[in-house]
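Peer 1: Below is a structure I'd like to ask you about.
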Amino acid sequence: MDLLKQRIVENGRVLPGNILKVDSFINHMIDPQLFMEIGKEFATYFSGQPIDKVLTLEVSGIGVAVMTGYILQVPVLFAKKTVSKTLSVDCYETDVFSYTKNTTYKVRVDAKFLEAGERVLIVDDFLANGQAMFGLIDICNQAKCEVAGVGIVIEKGFQPGGKQLRENGYDVHSLAVIDRFDDGKVVFR
Ligand code: 5GP
């Protein structure tokens with residue numbers, strides 16, 4: 001997606017540890033026009049099949065998930081990272097290792113929001129080692145839902161997540177795939 005790649009080149013910053021900082025348009029301040037285009041792109045790519053729900057992870061995935069769900073006209077569900085009094089005890093839970101925070105945390109989805117047999121489109125901002133996506137897939141499996149596909153805004157192609165998901169048969173659509181960082185510059189695949 002050229003518009004996205006252009007923004008990454010113009011406004012992204014490469015940090016030590018192979019982290020791409022995109023906080024001026026994705027992770028902290030959000031560009032709603034860009035997010036709407038991202039939502040349209042996901043909706044168009046996955047439109048050839050029935051989709052009942054869009055699933056993501058709080059916080060960074062919510063914006064793109066909402067735009068995608070809006071276009072597809074389906075509900076958007078996000079896995080929660082914290083336990084609150086309002087979260088039902090009847091929930092699906094899985095462990096996710098965070099690439100950026102270097103720690104493992106639990107994510108949960110209230111069981112009443114995923115019905116067996118539903119087709120779920122999973123979306124997120126980044127794909128690196130695939131931990132977040134495999135965690136959400138695990139939640140879909142627990143709920144006996146079918147994963148319709150995986151929509152990723154930025155895939156770091158030099159990390160194994162994308163390859164592993166595709167090898168496991170998932171239809172992964174990434175809008176910008178980064179091949180490598182070259183002296184602080186982003187090189188797309
Ligand atoms: P994975 O679970 O695939 O290893 O990592 C994906 C998650 O880690 C995403 O949800 C994202 O929040 C975070 N992440 C991974 N790499 C980056 C990065 O280079 N930049 C930012 N901003 N987040 C990243």
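Laboratory data are not the source of any read-out in this text; all were calculated from the coordinates shown. Quick caveat: nothing in here was measured; it's all calculated off a predicted structure. Positions of Cβ are backbone-derived with ideal geometry, glycine not excepted, and every protein chain shown enters the neighbour counts.
Peer 1: Considering only segment 136-189, give the strands (runs of 3 or more DSSP E) lying wholly within it that have at least 1 residues that are in contact with a Cys (Cβ under 6 Å, 6 or more places away or on another chain).
Peer 2: 146-156
Peer 1: List pairs: first in segment 1-27 and closer than 16 Å to residue 159 by Cα and assigned to a strand (DSSP E or B), second more than 8 Å from the ligand (Cβ to nearest atom) and basic (Lys, Arg), Cβ under 8 Å, 6+ apart or cross-chain?
Peer 2: 14/185; 20/13
Peer 1: Kindly list the number of the only condition in (1) out of contact with any strand residue (DSSP E or B) (no Cβ under 9 Å at 6 or more places or on another chain); (2) in a strand (DSSP E or B); (3) not hydrophobic (A, V, I, L, M, F, W, C) that fails for residue 124.
Peer 2: The failed condition is (1).
Peer 1: Ok, one more. Since residue 168 meets every condition but one in (1) more than 15 Å from the ligand (Cβ to nearest atom); (2) without any contact (Cβ under 8 Å) to a residue 24 or more places away in the chain, which condition does it not meet?
Peer 2: (1)
Peer 1: Quick one: in segment 1-41, of everything that is within 18 Å of residue 67 (Cα to Cα) and of a type in the set (Val, Ile, Thr), which residue is surrounded by the most Cβ atoms within 10 Å (Cβ to Cβ)?
Peer 2: Looking at residues that are within 18 Å of residue 67 (Cα to Cα) and of a type in the set (Val, Ile, Thr), I get 26.
Peer 1: Of the residues 174, 88, 84, 98, only one is away from the ligand (no atom under 11 Å from the Cβ), within 16 Å of the chain's Cα centre (by Cα) and polar (S, T, N, Q); which?
Peer 2: That would be 174, the only listed residue that is away from the ligand (no atom under 11 Å from the Cβ), within 16 Å of the chain's Cα centre (by Cα) and polar (S, T, N, Q).
Peer 1: What number of residues in segment 21-57 are of a type outside the set (S, T, N, Q), within 10 Å of the ligand (Cβ to nearest atom) and touching a helix residue (DSSP H, G or I) at 6+ places or on another chain (Cβ under 7 Å)?
Peer 2: Residues that pass the stated criteria total 2.
Peer 1: Another question, then. Condition first: in contact (Cβ under 8 Å) with a residue 24 or more places away in the chain and not basic (Lys, Arg). Now tell me which residues in segment 172-189 satisfy that.
Peer 2: Those that are in contact (Cβ under 8 Å) with a residue 24 or more places away in the chain and not basic (Lys, Arg): 172, 173, 174, 175, 176, 178, 181, 184, 186, 188.
Peer 1: For segment 33-43, name all the residues that are in contact (Cβ under 8 Å) with a residue 12 or more places away in the chain and not charged (D, E, K, R).
Peer 2: Within segment 33-43, 34, 35, 36, 38, 39, 42, 43 meet the criteria.
Peer 1: Among the residues of segment 116-156, count how many are without any contact (Cβ under 8 Å) to a residue 40 or more places away in the chain, surrounded by fewer than 18 Cβ atoms within 10 Å (Cβ to Cβ) and either acidic (Asp, Glu) or away from the ligand (no atom under 16 Å from the Cβ) (or both).
Peer 2: 5
Peer 1: So residue 178 passes all but one of these: (1) among the β-branched types (Val, Ile, Thr); (2) in contact with a Phe, Trp or Tyr (Cβ under 8 Å, 6 or more places away or on another chain); (3) closer than 16 Å to residue 68 by Cβ. Which condition number does it fail?
Peer 2: The single condition residue 178 does not satisfy is (3).
Peer 1: With the requirement that a residue be over 24 Å from residue 105 (Cβ atoms) and buried (at least 22 other Cβ atoms within 10 Å of the Cβ), what does segment 73-93 give you?
Peer 2: Answer for segment 73-93, where residues must be over 24 Å from residue 105 (Cβ atoms) and buried (at least 22 other Cβ atoms within 10 Å of the Cβ): there is none.
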